[in-house]
Amino acid sequence: MIQSISVADKKVQGLLGKAIREFDMIENGDRLAVAVSGGKDSLALLYMLKERLHWIPIRYDLLAVHLDMGFEGTQPHLIEQSCQEMGVPFYMEKTDYGIRAHGPGNKENPCFLCSWLRRKHLFELSKTLQFTKIAFGHNKDDIIETLFLNMFFSGELSTMLPKQSLFKGRLTIIRPLALLEENRIKHFTRRRGLPEIPNPCPSARNSSRKEIKEFLSAFYARNPKIRGNIFHALSHVRLEYLPSSFRR
């Protein structure tokens, strides 16, 4: 499935490599689990991490890990097939996390519980499957949207980190797509023939994140520099203009 690389794909791989280098995400000998949900971002990430092994001087092991959330209509066999074509080992467990998160007692925020349960399970698997890093497919737009979600609904200035050490350094989360916009990844997956697997989650088309995405898209359409300015602001915080008296 690994193909010759085009100019556009070189740009994508270049931004992936830049993120990995700038945030020191991957070291020689790493055993790296890629959390593969079936969405375009995680499959593209797995493909790129496998592809770059052809030209970089370091070696790392890849393992695709998929947790089935229990929704009707899931298609894990398509994910497994893609992993086989890439030559990446595939590990899957079926759970009821999605069903539990959308139960009658948790109507207000099913996405939070589903994500928390999934992450907790991945952290536990890091011990049994013996991997030291988990790579998530969150991209630049996800990071920006999370900033606004946390401001609007949690009352805090925070977002996802490109690299985060957990459990006293035993496990590290990395997000190698942190410098890549969603549309660039979407075009990459289509050029490389990666499958577009429908998301069966009932909240996929009706969530606060979707509302934030639409809100931001209206500004991006008016001025394409806004996305980059917001992302730049995350590493250009002027604390002197954020008085401690605002922290109540």
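The values are calculated or read from the model by the stated rules, or taken from the named source; none is laboratory data. Bear in mind that the values here come from a model prediction, so they are computed numbers and not experimental data. We place every Cβ from the backbone using ideal geometry, glycine too, and count neighbours over all the protein chains shown.
Count, please, the residues in the stretch 119-141 that happen to be in contact (Cβ under 8 Å) with a residue 60 or more places away in the chain and assigned to a helix (DSSP H, G or I). Of the residues in that region, 5 qualify.
Restricting attention to the stretch 177-189, does a residue exist that is in a loop (DSSP other than H, G, I, E, B), modelled with pLDDT under 95, surrounded by 12 or more Cβ atoms within 10 Å (Cβ to Cβ) and small (G, A, S)? No, the stretch 177-189 has no match at all. Taken together, the residues in the stretch 190-223 that are at pLDDT 90 or above, part of a loop (DSSP other than H, G, I, E, B) and touching an Asp or Glu at 6+ places or on another chain (Cβ under 9 Å) amount to 1. From the list L78, L16, the one residue that fits, being touching a Pro at 6+ places or on another chain (Cβ under 8 Å), surrounded by fewer than 17 Cβ atoms within 10 Å (Cβ to Cβ) and in contact (Cβ under 8 Å) with a residue 60 or more places away in the chain, is L78.
For every residue, the table says whether it meets (1) in contact with a His (Cβ under 8 Å, 6 or more places away or on another chain); (2) among the charged types (D, E, K, R); (3) assigned to a loop (DSSP other than H, G, I, E, B).
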{"position": "M48", "(1), (2), (3)": "no, no, no"}
{"position": "I79", "(1), (2), (3)": "yes, no, no"}
{"position": "Q84", "(1), (2), (3)": "no, no, no"}
{"position": "G98", "(1), (2), (3)": "no, no, no"}
{"position": "G103", "(1), (2), (3)": "no, no, yes"}
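Looking at N139, N150, N109, just one residue is under 22 Å from N199 (Cα atoms) and modelled with pLDDT under 95, and that residue is N109. No other residue among Q84, Q13, Q75 is over 19 Å from T132 (Cα atoms), within 18 Å of the chain's Cα centre (by Cα) and not β-branched (V, I, T) apart from Q13.
Could we say that L161 is within 19 Å of Q13 (Cβ to Cβ) and either surrounded by fewer than 15 Cβ atoms within 10 Å (Cβ to Cβ) or modelled with pLDDT of 95 or more (or both) here? Judged against the criteria, L161 is not a match.
Each residue in the stretch 190-207 was checked for being hydroxyl-bearing (S, T, Y) and either touching a Gly at 6+ places or on another chain (Cβ under 9 Å) or buried (at least 17 other Cβ atoms within 10 Å of the Cβ) (or both), and 1 of them qualify. Only a single item in (1) outside any loop (DSSP other than H, G, I, E, B); (2) of a type in the set (A, V, I, L, M, F, W, C); (3) buried (at least 17 other Cβ atoms within 10 Å of the Cβ) is not met by F153, and it is number (3). Taking the stated definitions as given, is G73 surrounded by 20 or more Cβ atoms within 10 Å (Cβ to Cβ), assigned to a loop (DSSP other than H, G, I, E, B) and of a type outside the set (S, T, Y)? No; evaluated as a whole, the condition is false for this residue.
With respect to the conditions (1) among the basic types (K, R); (2) surrounded by fewer than 18 Cβ atoms within 10 Å (Cβ to Cβ); (3) modelled with pLDDT of 95 or more; (4) in a helix (DSSP H, G or I), K10 falls short on a single one, namely (3).
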